[in-house]
Each structure stands twice: as structure tokens, then as C-alpha cells.
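These notes concern the structure reproduced below.
The values are calculated or read from the model by the stated rules, or taken from the named source; none is laboratory data. All values derive from a computational prediction rather than experimental measurement. Here the Cβ is made from the backbone with ideal geometry for all residues, glycine too, and neighbour counts use every protein chain on show.
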Amino acid sequence: MNRTRTFPRQQLRELEAELLSERRRLERFMEAEPEAAASERTESESIDAMVASGVSDVVQTRTHARYDAIVNALRRLATGEYGTCLGCERPIPYGRLIVMPEALHCVACGPRA
Ligand SMILES: [Zn+2]
């Protein structure tokens, strides 16, 4: 069984463009996310600020995780492994990839994003 996924050239281009623009968006987001916001916090500020900061950390972590996934997907795209489910090794439907281009699994294998 040939496990190398082949896409029509047009789909491949769209997915690559999607990955590249998403990577750019995340890069901008990470640059914009002010490290300063946390250090400007004063002791007099309410618990809300701490909660907000915690939320920001979660967002940061998720952003980095997604960024890594995008970079990984681009690498897989280059090596021809892209679009194959890591769980069942079947092709991931194009319809799923275009909404979640960093997906490593088909819907059945998850995990949910
Ligand atoms: Zn699968």
C-alpha cells in the first residue's frame, strides 16, 4: 500500500497558502502579545488581572502549540507525508485540511483542536 498522499496540485497550493498565511498570522500575534502586560501588574490590582494574565498564558501556550503544528505541517508538506492520518494512515479529507490545515489526524482518530 502506498501511503504517500498525493494531492491535486491546486489543492496542495491552497493548503500551503493556508499554512503560510496562518503561520504569518501567528507570528504577528506572538510579536504583538505584550510581555509588558504581565510585568506592569501592580499588587493593588484585583484578582481579575491575575485571571486575565492566566488566560493570556493559556492563549500564548495554545498559540505556540498551533504555531509548532503549522511549522510541522509545512515540513510534512515538503516531505510528502502531509495529509495522511497519523492514527489510521488513511488520507485526511481535503475538506478537513482546508479548515484545519495543521491537522495530523482524520476526524475519526481525533484529537479535536
Ligand atoms: Zn485516522
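Among (1) surrounded by 12 or more Cβ atoms within 10 Å (Cβ to Cβ); (2) assigned to a helix (DSSP H, G or I), where does D57 come up short?
Of the numbered conditions (1) surrounded by 12 or more Cβ atoms within 10 Å (Cβ to Cβ); (2) assigned to a helix (DSSP H, G or I), the odd one out for D57 is (1).
Residue check, R96 against (1) surrounded by fewer than 15 Cβ atoms within 10 Å (Cβ to Cβ); (2) within 16 Å of the ligand (Cβ to nearest atom); (3) without any contact (Cβ under 8 Å) to a residue 12 or more places away in the chain, all met but one. Which one?
Condition not satisfied by R96: (1).
(1) over 25 Å from P91 (Cβ atoms); (2) modelled with pLDDT under 90: which one isn't true of T63, the others all being true?
The number of the failed condition is (2).
Take the residues of the stretch 66-84 that are more than 16 Å from the chain's Cα centre (by Cα) and of a type outside the set (S, T, Y): which is nearest to the ligand (Cβ to nearest atom)? Even if it seems obvious, please write down each step before you answer.
Restricting attention to the stretch 66-84, the residues satisfying the condition of being more than 16 Å from the chain's Cα centre (by Cα) are 78-81, 84.
Within this subset, residues satisfying the condition of being of a type outside the set (S, T, Y) are 78, 80-81.
Numbers: A78: 22, G80: 18, E81: 14 Å.
Result: E81.
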